[in-house]
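First the structure, in the form of structure tokens, and then the observations on it.
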Amino acid sequence: MNGIPLNPCICFGVPSLDDLFGTFGLSHRSYGIPVEGAQANLTLVGPDGSGKSLLAFHLASRYAADSFSRSKAASTTKKSIAPPMVIYISTDLSTSKADSTWRAFRLDRPNLREIPFYHGTVESKDNLPVGQEEVDLHVALSPLNPSRDDSAESLARYILASGPPNQNTAVGFIDLIRYPVGDLWSFTSRLPEPDPNLARPLLR
């Protein structure tokens, strides 16, 4: 993760989990996974069916929403800055299954998700300004086609698109069940690396 958001922590949007991560370091108590600098690498490890894909969905939705808010806030004091693009690459979820899961957990409306019976124990020092117009922010799960550049769902078009934050944002979704690309590692390695001089750094 490079560029926006330059935040002290990365959140899953699952309060009890973010709260737990925030208690790991006594020198850096935060709400979420503490991050030093502008780049971080995360790995979710667990057996099949343990919920890795679902947690990654939550992370993508929350990151997209927080990035949107940060870029909006930055645009009020600096030149217009586009949020980073977020791409979810799946080897086990079809597009239809991913979309139904995305909406079932209200990941399309991350700022409106309600967590009942939750009482936090760690106070966040990350004062992220969320404007009134962002409360109903819509984060779409947008299917991407890595094989055809002339498609409306073209991965290339999604990566090249740039611009200031508008009223909504999206998480790109590549269904490798439908669009196999051969060697997954080579495919992800060939995706453009984040460039601090570009308007839209990339989270993949």
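The values are calculated or read from the model by the stated rules, or taken from the named source; none is laboratory data. Since we're looking at a predicted model, the values are computed, not measured. Note: ideal-geometry Cβ built from the backbone for every residue, glycine included; neighbour counts use all protein chains shown.
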* Among the residues of the stretch 88-101, is any touching a Leu at 6+ places or on another chain (Cβ under 7 Å), at pLDDT below 80 and in a loop (DSSP other than H, G, I, E, B)? -> no
* Out of (1) farther than 20 Å from Val171 by Cβ; (2) at pLDDT below 90; (3) among the polar types (S, T, N, Q), what's the single condition that is false for Thr43? -> (1)
* Out of all the residues in the stretch 130-145, is one or more modelled with pLDDT of 85 or more, within 20 Å of the chain's Cα centre (by Cα) and in a loop (DSSP other than H, G, I, E, B)? -> yes
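Can you tell me which residues in the stretch 53-69 are among the aromatic types (Phe, Trp, Tyr) and closer than 14 Å to Ile87 by Cα? Please lay out each step first, then the result.
So the first thing to find is which residues in the stretch 53-69 are among the aromatic types (Phe, Trp, Tyr), and the list is 57, 63, 68.
Once the filter is applied, which keeps residues that are among the aromatic types (Phe, Trp, Tyr) and closer than 14 Å to Ile87 by Cα, the stretch 53-69 yields Phe57, Tyr63.
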* Asked: Before we move on, is Thr121 at pLDDT below 85, exposed (fewer than 15 other Cβ atoms within 10 Å of the Cβ) and either small (Gly, Ala, Ser) or over 24 Å from Val35 (Cα atoms) (or both)?
  -> no
* Taking the stretch 137-154, which residues are within 14 Å of Ile174 (Cα to Cα) and in contact (Cβ under 8 Å) with a residue 24 or more places away in the chain? -> Ala140, Leu141, Ser142, Pro143, Leu144, Asn145, Pro146, Ser147
